[in-house]
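J.: I'd like to ask some things about the structure below.
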Amino acid sequence: VRGVAEVKEPCSLPMLSVDMENKENGSVGVKNSMENGRPPDPADWAVMDVVNYFRTAGFEEQASAFQEQEIDGKSLLLMTRNDVLTGLQLKLGPALKIYEYHVKPLQTKHLKNHSS
């Protein structure tokens with residue numbers, strides 16, 4: 001487990017900071033805790049957890065696309081850049097931000113936490 005590598009995440013992701021602090025101090029009960037009403041691991045998120053994540057991140061209008069397409073946490077972690085840009089029928093600007101600043105970092109973080 002490399003706690004230092006997690007610090008490279010952009011500062012524009014307040015959702016991730018709580019979880020990272022818990023892991024860095026070696027807390028054992030992290031998996032059972034809730035983070036902003038959601039399980040900390042995106043793979044455990046229901047469709048509404050994904051929708052609420054994007055609403056909280058400032059993508060109120062785009063969040064409903066995730067609900068319409070029934071994107072749960074496991075689906076979110078499998079999404080490609082092309083899925084986000086074309087599959088959700090979002091405007092290009094918000095779709096790029098959603099992928100680069102949210103989907104990709106969540107995928108990277110999930111892989112780091114589950115590769116060891």
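J.: Just one of (1) in a helix (DSSP H, G or I); (2) without any contact (Cβ under 8 Å) to a residue 60 or more places away in the chain trips up residue 89, so point out which.
T.: (1)
J.: Looking only at residues that are out of contact with any helix residue (DSSP H, G or I) (no Cβ under 8 Å at 6 or more places or on another chain) and over 19 Å from residue 110 (Cβ atoms) in the stretch 61-90, which one is surrounded by the fewest Cβ atoms within 10 Å (Cβ to Cβ)?
T.: Looking at the filtered set, the residue picked out is 82.
Coordinate-derived values only; no laboratory data. None of these values were measured; they are calculated from a predicted model. When we count neighbours, we look across all protein chains shown, and the Cβ atoms used for this are built from the backbone with ideal geometry, even at glycine.
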